[in-house]
Structures are given as structure tokens and as C-alpha cells.
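Take a look at the structure set out below.
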Amino acid sequence: MTKARLSRMFVSCVIAVAFALLALPASTGVGRQLRTAAHNGYDVAAGEALVKLRTTAALPEIENESDADSFEEIGGTGVRRVHSRSLGTDALIATLAAHPDVEYVEPNYILHAVATPNDPGFPNLYGLLNTGQAIQGVAGTPGADIGATSAWDLSTGSRGTVVAVVDTGVDYNHPDLAANVWSAPSSFTVVIGGSTITCAGGTHGFNAIAKTCNPMDDNDHGSHVSGTIGAVGNNGVGVVGVNWTASIMGAKFLDSTGSGTLADAINAIEFAVQAKQVFGTGANVRVLSNSWGGGGFSQSLLDEINRADTNDMLFVAAAGNNGRNNDTTANYPSNYAAPNVVAVAATDNRDQLASFSNFGRGTVHLGAPGVNILSTVRNGAYAYFSGTSMATPHVSGAAALVLSKCTLDTAGLKATLLNAVDPIASLATVTITGGRLNVFRAISNCAAPPTPDFTLTASPASRSVAPGASATYTVTTAALNGFTGTITFGAAGLPAGATATFSPAAAAAGAASTLTVATSSTTPPGSYSIGITAISGGVSHSTGVTLVVANADFTLSVSPSSLSVRHGSSGSFTVTVTSANGFAGTVNLSASGLPQPTQVTATWSATSVTVPAGGSAQARLTLAPASNATRTTYGLRFTGTSGSLSHSASASFRVR
């Protein structure tokens, strides 16, 4: 496509935008509002939990103990959402965790559309073609784009690949989206949350909040994401997506305020899985676009993401807009270590990491344009949003564009995108690939005869040592496309007084090498990012690990986190003390918040433990309620001390 042709298209886009924005209507607010509570610093659905049972035989007993008025299935991995009439979230989780037939229980976290910083700029699509045009008076860097115009010479997209936008929904009537929205080929049935739902032919996805087949957007966020993926191209109207021709499925779980529950997110993903299983090529969902985040680690969501992987779906996720390091403060869902997850940071029109964007050398894969992105919003309008929410659909759209030209499984699709980035300085040490998305290079690489190459990984992602000690990492390579060369390893970014050695220093692809980083007694405490390089001829790759140098210490944990015991019975907490950074010594144990001895008898198996360097030791506290003990819940605090070191952990104890 010529620059003159693009310029004409861009002028028509700007004119359409100018008029559409004047008529932007207010939100209809059709989504339900959520009743929330706080749990360990996170927003959660009040009086609810997600639980997986080892067997359903104890279901009546569990429903009775939790005073449940709802115990519905969600997703496709056996998880259930339980709502209690009388118990708050904390008490409900404690009650369920104490039952032996419960495999795991967790809160129903409240999730949110990734916030979009208010940073409007001059209207243009620099993410697709950057000629150096100005944004807020600052000239861009020519070429700081994803190479879309060159990629369009190879493909402009296909209806054969479906992208499910897991978000606030899609305005499927928008004139710049309607032709690229997925429609059910015929009437079909799914089973979501234990409910059988029949969707009519011609419907466009799912609303997990209302459990209907109408994913109409009532917020704008999901429609904006959809436009970047696949606003209709070459139609003389509005904007153009990464794909001129696309198939976008709405999977709505966020409400009109941009918030939603973990359970509804799981059900939205499950709909895409089941629709694909029903229709096959008629609903060939290959990409899930996820511009949202919040809550803590969830095993049930991770289970559903892995289920999507087994159904050949790439899970593209926003890295978050907190301006922080995801290696040290996890952001979910982008931090899940599932094979199909791709985490995306945001860059600007000068290839700089956006000031708001999260990053992570070991947890964020690549960057993509996410500042001042022009795209579709509801009711035929257009708007400029910024955030990793806007970077994510550039990658989702690129994945669909690549699939329109190349036949790849999910692992191959992910590798194709990550191996084709443009290396840029601002991402070199804060992302896994060190680069920004380049869809032209990705589609060219997979469409052309394969070039011999290799992959590079290092584990674990982080090690902690005391000054003077050594840490080891396993560096692994694997051959791609018949690669046969010898690979030489190197390391950089070492702290003062530290040395690095590889054994072996060079190896064939597929052979592991051990990196040993030896610190000295004068190495300053701190967290260090160590860069690992692997070079063979003109082929080179890099990755990173973290070395934490800290004084000898220990950690203390308590299991279970909650314990429920009947009158006349007993139960035990296990306290585990683990060496960190070479700690070795005696740790004295105590517990506060215990009931009076006349109520509950407390017996320690040992009040001090000896912890070996690099090892751990355990002690048990057994609690036995008296026959007249008051039925209530106690908050306990377990403490371990050794010299000036002291650590604590909390747990709850319930007499029932």
C-alpha cells in the first residue's frame, strides 16, 4: 500500500472522527452493580467463594455448613461458585477450607478493565504506520510502529480465525465493526454454570453477567479494543484495524462501570471454548484478547486458561497500568505461567515504554503501541484511549493476521510473534524479548521458508543468596528449523564483587548449561537483573534472571490458613520455618490470640526448631476445644524469633 493511499484513508478517518465524537451518547448502564467486600487487600464479591471439591458426595454437608443458597458450576474444570446467606467472605472461605473434601477454595475476585490514563493526542494511527507525525506537539519516531502496512501486502485478514474479546462487550452494530463481528451459523446450546443456554443463529457472543447471548457493549472499552483488532478496512469510514477482514466474538463479563467478577470471567472464556467445540471452523476461536486485570492469584482462572490452551487458544493479556515491575508484584492474568499466555506492555509513538505501563524482564513478553490510540466506541463513534488495554489488541490482531496467512498451533503462533519483535532500547531490560511487536516480520517469517534458529530460556527466574554465597541457574536452548550450530553463552549486569561462569561455556542446541553466579562478602545487598546472551554466528538471543543478595534470614508459614474443630475433637496447625540465604540456627515459636485454656487446650509438639542451612523444620500446635467451649472464630498469630530476626504468619481457628 502506498503512503499517498494511506494519507487519503487517514484524512477520511479524521473527518469521520470529528463528527462522531460530537454525538457521543451517555452510557446506558445496563450491567448489574456488584456487592463487594475486602479480602487480604483485594476487592471480592461479598459472601461468595470459588471452590473445587474432591468429590460431590459431601456436597449436602458442605452446603449446610456454609449456609449456601447458591452452589452453581462455573467454567469447565469442576469449579463451583458458592454464595452464603449468612457468612461473610472470610468466614465462608475459612469454613470451606476446613472441610476435607475441598480441593481448594478462593475468593471470587472483582476484576476491572485496565484503566486508561487520560492522555489525548493528535488523531492518527501511528501504531500501524508511524511517519514521525506529531502527538501533542512531540514528533514521533518514523518506523516506531508494528509494520502493519507492509504486512497488508501479504494479507489483510480472514473471517476464518475468530478473536474472542473478553471485555465489556462489543457494539456489533457499529458501522466500522458490524461486517467483522462473528455471528453464530445456527442455533446452538452451551452449558454455563450448570445452566443450559440456547443461543439463536446470528447472535454474536455471550454476556456472562446476564447469562444471555447478547454481548452488547455498555461501556466503550470492549468496542475500542475490537476496533484495533478488526475495524473494517478500505471502506472509507472511520479507522482501520490490524485486520481489514476479521471475525470478532463478544465475550462480555465486565459491566457498564468496567468491573466484573472472576467467576464471570471464567464463564466468558468457557463460552468461547464451548462455541468452538460446537461449530469447529464455524467458531474457530484461536485468540482470546484480555485487556483487564485485578485480584490475586486464582487457581480456578489458571485452570480455565489452561483449558483454553488445550483448545488451541492464545491468551493475550494486558501487563497493567501501575508503572511497576510485574516480576516483583504480580499482575493477573498476565502473570499466569500458562504456555498460551502473552503479556503485553505499552509503548508510545517514539518507541518509549509508556510511563504508566507495567513491565517485567521475566514476566512481560513484549511491547505494543498503547498511548493515544484511536479506535471505535459505541453508537458509531470514535475516541482516543491509552493503556496496556490498547496495546493488547495490537498483539491480538497481529496473531489473527498471522493466522490468516500461516498454519500454526498456539505454541507456534506465540513463538512467531515473540521471535519477530523489533528490539528497542526502552524494552531491552524490562521485557522477556526486549522488543516491540512487528507483525510484518512475524507474518513474513512464518510465510517464508523457515530459517534455522534456536530458543533460549533460563530458570529459575530468581535466586536469593547471602553475600559470599553462589547461585546457580539452568540455561536451556532448543533447535528450531534444523539449527545445528554451537551456541556460546555470556552474562552481564553482575553486582560488584560477583563473577559468572557457564558450564559448559558453549554447547549445541538442546544441551543445558549451568550458570553459576558467585558473590563476595563485599557484594552489596540488593536485587540485580542479570542478562544472559546466547550467540551462534549471526544468530543471537537474550533472556534474564534476577539475583537477590540479602543477609541470612528465614521464612515462617502456617498450614492450614484456617482450621475448624468440633467440640470434643482436636486439630493441628503445622508451622514451617524455612532457611533463606543460608540461614542456620534455632527459631523459637509462639502463638498469640489463643482461646483461654478453659475453653481450648493448646499443645505444642515443640516450642523451638533447629533449621539447617538451605532446609526447613516444622512444629505442630494442636488445639482441642472443651465440651463447653464457645462457638466462635479466633484470629491467631504465629511468631518465630531467632536473635534479632522475627517473622509472623496469621491463621484462623473456629470452634463449631
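The values are calculated or read from the model by the stated rules, or taken from the named source; none is laboratory data. For clarity, every value in this text was computed on a predicted model and none was experimentally measured. Every residue, glycine among them, receives a Cβ derived from its backbone with ideal geometry; neighbour counts consider all protein chains shown. Accessible surface areas use protein heavy atoms only, side chains included; no ligands, DNA or RNA. Shrake-Rupley method; radii C 1.70, N 1.55, O 1.52, S 1.80 Å.
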Original post:
What number comes out for the charge environment of residue 394, summing +1 per Lys or Arg and -1 per Asp or Glu over other residues with Cβ under 10 Å away?
Top reply: 0
Original post:
Whole-Å semi-axes of segment 488-546's equivalent ellipsoid, largest first, each the root of 5 times a Cα gyration tensor eigenvalue?
Top reply: 24, 12, 8
Original post:
Computed over the Cα atoms of the chain, what is the convex hull's projected area averaged over all directions, in nm²?
Top reply: 31.0 nm²
**OP:** Report the net charge of residues surrounding residue 382, where surrounding means a beta-carbon distance below 12 angstrom and charges are Lys +1, Arg +1, Asp -1, Glu -1.
**Re:** -2
Original post:
Taking square-rooted eigenvalues a ≥ b ≥ c of the alpha carbon gyration tensor, is segment 478-618 rounded, prolate or oblate, where a/c under 1.5 means rounded and, failing that, a/b exceeding b/c means prolate?
Top reply: prolate
**OP:** Return one whole number: the accessible area per residue of the chain in Å², for a 1.4 Å probe.
**Re:** 37 Å²
**OP:** Calculate how large, on average over all directions, the projected area of the Cα convex hull of segment 183-278 is; give the answer in nm² to one decimal.
**Re:** 6.5 nm²
Original post:
How much of the accessible area of segment 333-383, in percent, comes from carbon and sulfur atoms when a 1.4 Å probe is used?
Top reply: 45 percent
Original post:
Is segment 386-540 rounded, prolate or oblate when judged by the Cα gyration tensor, a ≥ b ≥ c being the square roots of its eigenvalues, rounded requiring a/c under 1.5 and prolate requiring a/b larger than b/c?
Top reply: oblate
Subject >> Lysine-lysine proximity count for the chain, Cα under 18 Å, sequence distance 8 or more or distinct chains >> reply: 4
Original post:
For residue 559 and residue 539, FRET efficiency with R0 = 35 Å and r from the beta-carbon atoms, rounded to 0.05?
Top reply: 0.15
Original post:
Once phi is turned into ³J(HN,Hα) by the Karplus curve 6.51 cos²θ - 1.76 cosθ + 1.60 with θ = phi - 60°, what whole-Hz value does each residue of segment 360-369 show in order, with x for glycine and proline?
Top reply: x, 4, x, 10, 10, 7, 7, x, 7, x
Original post:
In degrees, nearest 10, range 0 to 90: what is the angle between the Cα axis of helix 3-22 and the longest Cα principal axis of the chain?
Top reply: 60 degrees
Subject >> Modelled FRET efficiency - R0 56 Å, residue 610 with residue 481, Cβ distances, 0.05 increments >> reply: 0.55
**OP:** Provide the three semi-axes, in whole Å and in decreasing order, of the ellipsoid equivalent to segment 266-329 as defined by the square roots of 5 times the Cα gyration tensor eigenvalues.
**Re:** 26, 12, 9
Original post:
So what is the relative contact order for the chain, in percent, with contacts set as C-alpha pairs under 8 Å and at least six apart?
Top reply: 11 percent
Original post:
What's the carbon and sulfur percent of segment 389-434's accessible surface, probe 1.4 angstrom, rounded to a whole number?
Top reply: 56 percent
Subject >> Helix 262-279 axis, angle to the chain major axis (alpha carbon atoms, nearest 10°) >> reply: 50 degrees
Subject >> Computed FRET value (nearest 0.05) for residue 328 with residue 69, which takes r as the C-beta separation and R₀ as 41 Å >> reply: 0.50
Subject >> In sequence order, calculated HN-Hα J values of segment 433-441 (Karplus, 6.51, -1.76, 1.60; Hz; x Gly/Pro) >> reply: 8, x, x, 9, 3, 9, 6, 5, 5
**OP:** Bin width 10 Å, alpha-carbon pairs only: give the P(r) of segment 546-656 as whole percents, running from 0 to the bin holding the largest distance.
**Re:** 15, 43, 26, 13, 3, 0
**OP:** Name the residue farthest towards the positive end of the dipole of the chain from the options 601, 257, 275, assuming +1 on Cβ of Lys and Arg, -1 on Cβ of Asp and Glu, about the Cα centre.
**Re:** 601
Original post:
Can you give the convex hull volume per residue for the Cα atoms of segment 582-632, as a whole number of Å³?
Top reply: 85 Å³
Original post:
About the Cα centre of the chain, what is the dipole size in debye to 20, counting +1 per Lys and Arg Cβ and -1 per Asp and Glu Cβ, all else neutral?
Top reply: 460 debye
**OP:** Can you find, among 46, 314, 497, the residue farthest towards the positive end of the dipole of the chain? Put +1 on the C-beta of Lys and Arg, -1 on that of Asp and Glu.
**Re:** 497
**OP:** Report, to the nearest whole %, how much of the accessible area of segment 515-656 belongs to carbon and sulfur atoms, 1.4 Å probe, protein only.
**Re:** 47 percent
Original post:
What residues of segment 512-539 lie in the reach of a label at residue 501, counting those whose backbone N is under 17 Å from a point 7 Å from the Cα along Cα→Cβ?
Top reply: 513-521
Subject >> Computed over segment 601-656, Kirkwood Rh from alpha-carbon pairs, angstrom >> reply: 13.5 Å
Original post:
Antiparallel DSSP bridges in the chain: what percent, to the nearest 5?
Top reply: 75 percent
Original post:
Once the Cα atoms of helix 221-230 and of the chain are each reduced to a long axis, what angle between those two axes, in degrees from 0 to 90 to the nearest 10, is obtained?
Top reply: 50 degrees
Subject >> Whether segment 225-370 is rounded, prolate or oblate, judged on the alpha carbon gyration tensor where a/c under 1.5 counts as rounded >> reply: oblate
**OP:** Can you pull the one-decimal nm distance between simple spin-label points at residue 488 and residue 588, each 7 Å off the Cα toward Cβ?
**Re:** 5.8 nm
Original post:
Between residue 237 and residue 644, what length comes free when the chain is fully extended (0.36 nm per residue of separation minus the Cα-Cα distance, one decimal in nm)?
Top reply: 139.6 nm
Original post:
Mean 1/r over all different Cα pairs, inverted: what Kirkwood radius does segment 334-422 give, in Å?
Top reply: 14.0 Å
**OP:** Report the charge-dipole magnitude of segment 127-238 in Debye, nearest 20, computed about the Cα centre from +1 at each Lys and Arg Cβ and -1 at each Asp and Glu Cβ.
**Re:** 300 debye
Original post:
What's the local net charge at residue 292, with K and R +1, D and E -1, over the other residues with C-beta under 13 Å away?
Top reply: -2
Subject >> Charge dipole (the chain, unit charges on Cβ, about Cα centre) - positive-most of 420, 546, 352 >> reply: 546
Original post:
Which stretch or stretches of segment 330-344 have amide N atoms under 14 Å from the point lying 7 Å from residue 527's Cα along the Cα→Cβ direction?
Top reply: 330-331
Subject >> 350, 85, ranked by accessible area, largest first (probe 1.4 Å) >> reply: 85, 350
Original post:
Can you run phi through the Karplus equation (6.51, -1.76, 1.60; θ = phi - 60°) for segment 571-581 and list ³J(HN,Hα) in whole Hz, with x for Gly and Pro?
Top reply: x, 10, 9, 9, 9, 10, 10, 10, 5, 10, 6
Subject >> Loop chymotrypsin sites (Phe, Trp or Tyr not before Pro), segment 205-306, which have at most 10 other Cβ atoms in a 10 Å radius of their Cβ (DSSP) >> reply: none
